[in-house]
Amino acid sequence: MPVSFEHPIEAEASIFSTVENRLRKLSRIFSSLPGYPSLRTVTRKVLLVAAPTRNVFMRPDPASPARRNCQEITILSANLWHDWPRQTRRLERLEAFSSLVEAEKVDICLLQEVARTPELRADEWLADRLGMAYVYSRANGHESSIGFEEGLAVFSRFPLSQPRLRRLGPLKNPFVRRLALGATLQTPCGDLSAYSVHLGLMQKENAAQVRHLREWVGSQPALETALIGGDFNAHEDTPQMQAARRSWIDLFRQHSPQGDGATHELTWPWGKPFLRQRLDYLFVQPGRQIWRILEARHLDAPGGPHSDHRAVLARLALAS
């Protein structure tokens with residue numbers, strides 16, 4: 001079973017306090033109405049959804065010992081597409097994703113939209129299915145109050161420790177959070193930092209979130225290589241992604257300068273795409289180790305798509 005412990009985002013406390021005070025005030029105003037018990041239940045659920053993220057869930061060790069020699073390391077970033085409330089083919093897509101991880105011999109997974117419901121917690125299911133260590137944090141929703149939540153996760157075939165969580169950019173809406181979740185991985189090639197990220201859709205807020213992420217990752221120990229992957233919700237020609245590429249190595253673009261980078265597309269009802277964008281990335285912030293990029297590509301799960309986004313895969317090896 002994963003270990004749960006408090007890891008609050010302190011900057012959210014004041015905003016949640018404002019929401020909480022307003023809701024409780026409204027609750028007192030309407031307390032004499034016939035439907036007050038129902039209103040009180042709704043108020044409690046709203047408060048839980050708006051409440052700051054307070055816990056991370058972690059299983060620090062993989063089910064079986066990881067290899068001891070320093071070979072290539074394979075990283076995969078993937079948005080698992082929670083598709084709430086429909087949750088189309090959810091278990092089937094998780095199984096397809098697991099097959100992808102196994103087929104590609106992935107060592108580290110940086111995941112977004114990892115959904116939890118009373119029937120199926122994707123983080124626990126994947127950890128059992130893949131035998132990997134992991135850390136998970138809720139971002140939006142609240143499983144026990146509304147029966148659904150989704151968040152970020154870092155999975156690893158190596159032991160992990162020191163989880164860290166950061167809200168990115170200003171929190172204007174307490175019901176929608178954009179977070180980065182990180183951990184330290186003890187690999188045979190030395191310790192690595194790994195971060196899973198899911199950013200917002202609005203251009204101005206997205207740019208602020210990318211800037212905040214660069215500052216936060218840049219403030220971590222300089223000697224430690226950092227892997228940053230996720231759904232950035234910004235195409236590579238936007239100013240914020242160009243700035244990110246000046247700070248970090250864009251693994252796909254470094255390996256394939258002219259390759260088709262699209263990871264997400266919107267289609268007409270008859271199936272023809274009308275918008276293709278690159279939204280998903282894997283970056284490296286070099287530390288004392290120098291890495292060679294053996295492979296970097298975008299892919300879907302075998303036998304059918306696991307998500308509405310393509311996953312980003314990279315294989316790295318230490319330079320001799």
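Tabulated results
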| quantity | calculated |
| --- | --- |
| The lone exception for Arg278 - which of (1) of a type in the set (D, E, K, R); (2) buried (at least 20 other Cβ atoms within 10 Å of the Cβ); (3) farther than 25 Å from Leu94 by Cβ it fails | (3) |
| Val210, sole failed condition from (1) assigned to a strand (DSSP E or B); (2) of a type in the set (A, V, I, L, M); (3) over 21 Å from Glu295 (Cβ atoms) | (1) |
| Hey, His306 in a loop (DSSP other than H, G, I, E, B) and over 18 Å from Gly200 (Cβ atoms) or not | yes |
| Count - residues of segment 39-69 that are touching a residue at least 24 places away in the same chain (Cβ under 8 Å), in a loop (DSSP other than H, G, I, E, B) and either within 19 Å of His142 (Cβ to Cβ) or of a type outside the set (S, T, N, Q) (or both) | 11 |
| Residue list for segment 217-246, restricted to those being part of a helix (DSSP H, G or I), out of contact with any strand residue (DSSP E or B) (no Cβ under 6 Å at 6 or more places or on another chain) and either surrounded by fewer than 17 Cβ atoms within 10 Å (Cβ to Cβ) or touching a residue at least 60 places away in the same chain (Cβ under 8 Å) (or both) | Gly218, Pro239, Gln242, Ala243, Arg245, Arg246 |
| Odd one out for Ala78 among (1) in contact with a His (Cβ under 9 Å, 6 or more places away or on another chain); (2) within 24 Å of Ser144 (Cβ to Cβ) | (2) |
| Conditions (1) within 21 Å of Thr53 (Cβ to Cβ); (2) in contact with a Cys (Cβ under 9 Å, 6 or more places away or on another chain); (3) among the β-branched types (Val, Ile, Thr): number failed by Thr117 | (2) |
| Among the residues listed as Leu80, Leu47, Leu94, the single one being touching a Leu at 6+ places or on another chain (Cβ under 8 Å), modelled with pLDDT under 85 and crowded, with 17+ Cβ neighbours inside 10 Å | Leu47 |
| Segment 162-179 residues that are crowded, with 17+ Cβ neighbours inside 10 Å, paired with ones that are at pLDDT 90 or above and acidic (Asp, Glu) (beta carbon under 6 Å, 6 or more apart) | Gly169/Glu205 |
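The values are calculated or read from the model by the stated rules, or taken from the named source; none is laboratory data. Here the structure is a predicted model, which is why all the values come from computation and not from measurement. All Cβ positions, glycine included, derive from the backbone under ideal geometry; neighbour counts span all protein chains shown.
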